[in-house]
Amino acid sequence: MVAFSEQICQRKTEIYGTMGQLVWDESRGLKVSHFDFATQTYKVYQCEKNEEAAGWGHGGADFFMMKAFVEAVARGDSHSIVTGPKVSLKTHLLAFAAEESRLTGSVVKPSEDPRWKV
């Protein structure tokens, strides 16, 4: 989570592992960069744009969330829904606790504070 950044609402994902790293930056389009620590080389992968998700919020994630919900209701099977409202609420409360910590400069422990319990 980043409270302040140069680009507002730009999505960026960075994954670091023991053998390399992956970086995707929404502002650079549909490319994922891979850096291999062993060979010290970069490889860029071009991803395909999903036209179904174009125009939806959260980088298309809202589309896939609604698609999974509609399919689950139509089939009467909730297996395609991987999280529910309780998990979503917990993660949002954690973000709010992090923001409180940033604003107050204090350590906030959600597990010990009843305001952050679900």
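The values are calculated or read from the model by the stated rules, or taken from the named source; none is laboratory data. If you're wondering where the values come from, they're calculated on a predicted model, not measured in any experiment. Using ideal geometry, Cβ is built from the backbone for each residue, glycine included, and neighbour counts are taken over all protein chains shown.
Assorted remarks:
- Residue count, region 7-51 (criterion: touching a Ser or Thr at 6+ places or on another chain (Cβ under 9 Å), hydroxyl-bearing (Ser, Thr, Tyr) and closer than 20 Å to residue 63 by Cα): 0
- Residue in region 36-48 that is in contact (Cβ under 8 Å) with a residue 40 or more places away in the chain and surrounded by 11 or more Cβ atoms within 10 Å (Cβ to Cβ) present: no
- Scanning region 65-80 for residues that are of a type in the set (Lys, Arg) and under 24 Å from residue 54 (Cβ atoms) gives a single hit, 67.
- Hits in region 81-118 (condition: at pLDDT 85 or above and not in a helix (DSSP H, G or I)): 105, 106, 107, 108, 109
- Filter result for residue 89 (in contact (Cβ under 8 Å) with a residue 24 or more places away in the chain and either exposed (fewer than 12 other Cβ atoms within 10 Å of the Cβ) or assigned by TED's automatic domain parsing to the domain that holds residue 12 (or both)): yes
- Of the candidates 75, 115, the single residue that is loosely packed, with under 11 Cβ neighbours inside 10 Å and in contact with a helix residue (DSSP H, G or I) (Cβ under 9 Å, 6 or more places away or on another chain) is 115.
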